[in-house]
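Working notes, structure below.
The values are calculated or read from the model by the stated rules, or taken from the named source; none is laboratory data. The shown structure was predicted, so the numbers you read here are calculated from the model rather than taken from an experiment. Every residue, glycine among them, receives a Cβ derived from its backbone with ideal geometry; neighbour counts consider all protein chains shown.
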């Protein structure tokens, strides 16, 4: 009987381990402060986010009034920082040699530093879409309101059904609704959010398995 229990225990551990690796992570949280919850796209359950939490396609992130996090995408090292009182969903789709990414920002503020992309990377809000290839910018979405973008590096295309505009470094993009064309102007002094450089990310290693079952180690460093 003891041997049978032992065998069943081993089988359960192997089953759980295989289930954990059945869904490949898309991104990983490399820094977390305050109250942050992740609603798992597969189970529908919410968990408390922490450093090392793995994110999959469809996961929904919510930060509290003091919640902050930084995440990196595994395939290209692109960085996204999420500020307090924000809600967003990570959507990804694997293509032949790349991963398409679309972050839907329901409300709140995020900073994105995107590496050069082989496929599309979009930030979507209720009013518009920001399409990027490799750049850095802010996205601020008001609750049931408009969207504001601040360009830091490179060029971002802002678009909706009403039209499109290009956002460059030092410029502010505003979209009041999904029926209003994006407007771009020079950023005013003191208008842009403070940089998050004080919230540095230290060195961090992450081990995972690829689709072939091979173990891989990714190393993240602060910028």
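One residue is enough: does the range 137-156 have a residue meeting the conditions over 19 Å from residue 185 (Cα atoms), touching a strand residue (DSSP E or B) at 6+ places or on another chain (Cβ under 6 Å) and either buried (at least 22 other Cβ atoms within 10 Å of the Cβ) or in contact (Cβ under 8 Å) with a residue 60 or more places away in the chain (or both)?
There is no residue in the range 137-156 that is over 19 Å from residue 185 (Cα atoms), touching a strand residue (DSSP E or B) at 6+ places or on another chain (Cβ under 6 Å) and either buried (at least 22 other Cβ atoms within 10 Å of the Cβ) or in contact (Cβ under 8 Å) with a residue 60 or more places away in the chain (or both).
May I ask you to list the residues in the range 135-160 that are part of a loop (DSSP other than H, G, I, E, B) and closer than 25 Å to residue 84 by Cβ? Step through it out loud before you land on a result.
Residues of the range 135-160 part of a loop (DSSP other than H, G, I, E, B): 142-146, 154.
Answer for the range 135-160, where residues must be part of a loop (DSSP other than H, G, I, E, B) and closer than 25 Å to residue 84 by Cβ: 142, 143, 144, 145, 146.
Residues in the range 82-93: is at least one out of contact with any strand residue (DSSP E or B) (no Cβ under 7 Å at 6 or more places or on another chain) and outside any strand (DSSP E or B)?
Initially, the range 82-93 is screened for residues out of contact with any strand residue (DSSP E or B) (no Cβ under 7 Å at 6 or more places or on another chain), giving none.
The answer is no; no qualifying residue exists.
Yes or no, residue by residue, for (1) out of contact with any helix residue (DSSP H, G or I) (no Cβ under 8 Å at 6 or more places or on another chain); (2) over 19 Å from residue 107 (Cα atoms); (3) modelled with pLDDT under 55:
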| position | (1), (2), (3) |
| --- | --- |
| 9 | yes, yes, yes |
| 26 | yes, yes, no |
| 38 | yes, no, no |
| 56 | yes, yes, no |
| 63 | yes, no, no |
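Can you name the condition, by its number, that residue 100 falls short on among (1) assigned to a strand (DSSP E or B); (2) surrounded by fewer than 17 Cβ atoms within 10 Å (Cβ to Cβ); (3) touching a residue at least 60 places away in the same chain (Cβ under 8 Å)?
With (1) assigned to a strand (DSSP E or B); (2) surrounded by fewer than 17 Cβ atoms within 10 Å (Cβ to Cβ); (3) touching a residue at least 60 places away in the same chain (Cβ under 8 Å) applied to residue 100, the lone miss is (3).
What strands (runs of 3 or more DSSP E) completely inside the range 161-223 contain at least 1 residues that are modelled with pLDDT of 95 or more?
Values: elements: 163-168, 171-175, 183-186, 204-209, 215-220.
Once the strands (runs of 3 or more DSSP E) in the range 161-223 are filtered for at least 1 residues that are modelled with pLDDT of 95 or more, what remains is 163-168, 171-175, 183-186.
Of everything in the range 109-134, what is over 13 Å from the mean Cα position of the chain (by Cα) and in a strand (DSSP E or B)? Give them in sequence order.
129, 130, 131, 132
Out of 114, 123, which single residue is surrounded by 20 or more Cβ atoms within 10 Å (Cβ to Cβ) and farther than 24 Å from residue 143 by Cα? Don't jump to the end; show me each part of the working.
Details: 123 fails: farther than 24 Å from residue 143 by Cα.
Within the list 114, 123, the selection yields 114.
For residue 52, indicate whether it is under 26 Å from residue 133 (Cα atoms), in a loop (DSSP other than H, G, I, E, B), out of contact with any helix residue (DSSP H, G or I) (no Cβ under 8 Å at 6 or more places or on another chain) and at pLDDT 90 or above. Don't jump to the end; show me each part of the working.
Working: under 26 Å from residue 133 (Cα atoms): no; in a loop (DSSP other than H, G, I, E, B): yes; out of contact with any helix residue (DSSP H, G or I) (no Cβ under 8 Å at 6 or more places or on another chain): yes; at pLDDT 90 or above: yes.
Considered against the rule, which asks whether it is under 26 Å from residue 133 (Cα atoms), in a loop (DSSP other than H, G, I, E, B), out of contact with any helix residue (DSSP H, G or I) (no Cβ under 8 Å at 6 or more places or on another chain) and at pLDDT 90 or above, residue 52 comes out as no.
Give the number of residues within the range 39-63 that are in contact (Cβ under 8 Å) with a residue 24 or more places away in the chain, under 13 Å from residue 90 (Cβ atoms) and either exposed (fewer than 14 other Cβ atoms within 10 Å of the Cβ) or touching a strand residue (DSSP E or B) at 6+ places or on another chain (Cβ under 6 Å) (or both).
Step one: of the range 39-63, the residues in contact (Cβ under 8 Å) with a residue 24 or more places away in the chain are 51-63.
From what is left, the residues that are under 13 Å from residue 90 (Cβ atoms) are 53-62.
Now narrow it down to the ones that are either exposed (fewer than 14 other Cβ atoms within 10 Å of the Cβ) or touching a strand residue (DSSP E or B) at 6+ places or on another chain (Cβ under 6 Å) (or both): 53-55, 57, 59-62.
Total satisfying the criteria: 8.
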